[in-house]
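Below is one structure, written out as structure tokens; comments come after it.
None of the figures in this text is laboratory data; all of them are computed from the coordinates on show. Predicted model, so just to flag it, every value in this text is computed and none were measured. Virtual Cβ from ideal backbone geometry, glycine too; neighbours counted across all protein chains shown.
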Amino acid sequence: MSRPIHEDLPSFDRAARRAAVLERIGSGVAVIRAPSLRVHANDVEYRYRPDSDLFYLTGFPEPDAVLVLDGSAERERCVLFVQPRDPERETWTGKRAGVEGAVSCYGADAAYPMAELAQRLTPLIARGGALYYHLGHDEPFNQKLLQIARAGWAQRPRTSNDLPTSLLSTGALVHELRLYKSPEEIAWMQRAIDIAAEAHRAAMREVRPGMYEHEIEALVEYVFRRNGASGWAYPSIVAGGENATVLHYTANDRPLRDGDLLLLDAGDELGCYCADVTRTFPVGRAFSPAQRRVYDLVLQAQLAAVAAVKPGVTIEDVHAAALQVLVDGLLSLGLLAGTREQAIGAGSYKPYYMHRTSHWLGMDVHDVGTYKRDGAPRPLEPGMVLTVEPGLYFASPLPGVPAEYRGIGVRIEDDVLVTPTGHQVLSHAVPKAADDLLALRAT
């Protein structure tokens, strides 16, 4: 039996989050847009996923909504513009919160129909002060907001002595807050990662030669949904054999052969918090000698990188820890020439390891937050969550690669929390030592 989805997980103090953003706004106004539904084909729509920033601040789950935060207001500091109740439409698509629900259920000081956005936002912009908005992928709304902004700017007195209004990204307000995970957020992420761990273990137990990649994809995503996740956090990568040398392979339509490795990069999403886990293991019962050498090398690099995670170091330091082990290993395998320093300086390792080792993780798989401050890599701090995912990839066309290594792709990825004294591997429940993988494969 699957355990309950949400009842034992903590709730979030979204009012405190909004207060923190309002403090940063000063006299400005921030506008955050929830996207519209997108069409998959004809009149069939994709499953809706809320905008991360708007959901972080309100929990409002519906499309076609706008959050306006007004730093100068006395009462209506947090206003939601939403789709009003429509009983006829709700017969087809389900109940809406409406204007009343936006206030009673989602903490808005006031709410209005979306049709009133221009009328109510224009005078706020006309007061002056910065306008915060992320010019993202919703080009129709970008143009609508700029039209509203121009109307507001045009209403300002020509004799005004203050500076022209600035248009700034909401990232400066929200994304630094999101980078530091609260204990409540860690609890949600841990549950999402535990679900991913169960899915990976199921794949390790069930994979057999002759199955297709999409059968493992289906198994993994069944485990996600059975445990209450909304689905995948990103399209699952189920890459057998040489497909593992394609970093974002998602066709998942090839048969799995005895003697191949299977690279499984799959994570679920729970409450808009993401897991991101990768393991590589034999389709059959054993590694070949060459596969085992590559696997052990990647594992050594991954362990070294994880060990490097602690407050004060940077993501560049974590990458360097993995890279040094990988380069030393490639030199010992005869796949690189010269010294470690020469190989790293010349980038001669890049045909085999072409990506970075880490990225932020949270409400987005590649989560928000800057990687540098004042042009330098920022130090890790408690509450940050990052992936650690080195790999090696030997695509068959690569020149100079011995036949025994061609077609091998290995990546090992964990989700790691920075703690005050070091780190915590949130995805520890997924085996990664080669002998542990083989023991699970034997069950």
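Between the amide H of Ser169 and those of Tyr133, distances stay under 5 Å, these residues lying 5 or more places away or on another chain, with hydrogens modeled in the peptide plane. For region 262-397, the share of alpha carbon pairs falling in successive 10 Å distance bins from zero is 11, 36, 35, 16, 2, 0 percent. Would you tally the net charge around Gly271, using a Cβ to Cβ cut-off of less than 11 Å, leaving Gly271 out, and scoring K and R as +1, D and E as -1? With Lys, Arg at +1 and Asp, Glu at -1, the net is -3. Using the average count of surrounding beta-carbon atoms within 10 Å as a protection proxy, the listed peptides 306-316, 291-301 rank, highest first, as 291-301, 306-316. Whole-Hz Karplus values for region 379-387 come out as x, 5, 9, x, x, 6, 10, 9, 8 Hz, taken residue by residue from phi with 6.51 cos²θ - 1.76 cosθ + 1.60 and θ = phi - 60°; glycine and proline positions read x. Averaging 1/r across all pairs of distinct Cα atoms in region 338-443 and inverting the result yields a Kirkwood radius of 16.8 Å. Protection proxy ranking of 415-423, 206-214, by the mean of other Cβ atoms within 10 Å over each peptide's residues and highest first, is 415-423, 206-214. Using the rule -39500 (n - 2.57) for each DSSP H run of four or more residues, divided by the residues of the chain, the 222 nm mean residue ellipticity is -11000 deg cm²/dmol. Here the Karplus relation 6.51 cos²θ - 1.76 cosθ + 1.60, evaluated at θ = phi - 60°, turns the backbone of region 167-174 into coupling constants of 10, 10, 6, 5, x, 5, 9, 9 Hz, with x for every Gly and Pro. Derived from the Cα gyration tensor, the three semi-axes of the equivalent ellipsoid of region 259-331 are 25, 22, 7 Å, largest first.
Relative to its residue count, the chain spans a Cα convex hull of 179 Å³ per residue.
In a shell of Cβ-Cβ distance under 10 Å around Asp258, excluding Asp258 itself, what net charge do Lys and Arg (+1) and Asp and Glu (-1) give? Spelling it out: positives minus negatives among the neighbours equals +2. At full extension, Ala41 and Leu168 could sit 42.2 nm farther apart than now, given 0.36 nm per residue minus the alpha carbon distance. The HN-Hα couplings worked out from phi for region 428-443 by the Karplus form 6.51 cos²θ - 1.76 cosθ + 1.60 (θ = phi - 60°) are 5, 6, 9, x, 9, 4, 4, 5, 5, 4, 5, 5, 5, 5, 7, 7 Hz, whole numbers, x standing for Gly and Pro. Averaging 1/r over every pair of different alpha carbons in region 14-177 and inverting the result gives a Kirkwood radius of 16.5 Å. Remark on Ile408: its backbone amide H falls under 5 Å from those of Phe394, a criterion applied only to residues 5 or more positions apart or on other chains, H modelled at 1.01 Å from N. Shape verdict for region 103-230, please, from the Cα gyration tensor: rounded (a/c under 1.5), prolate (a/b greater than b/c) or oblate. Prolate.
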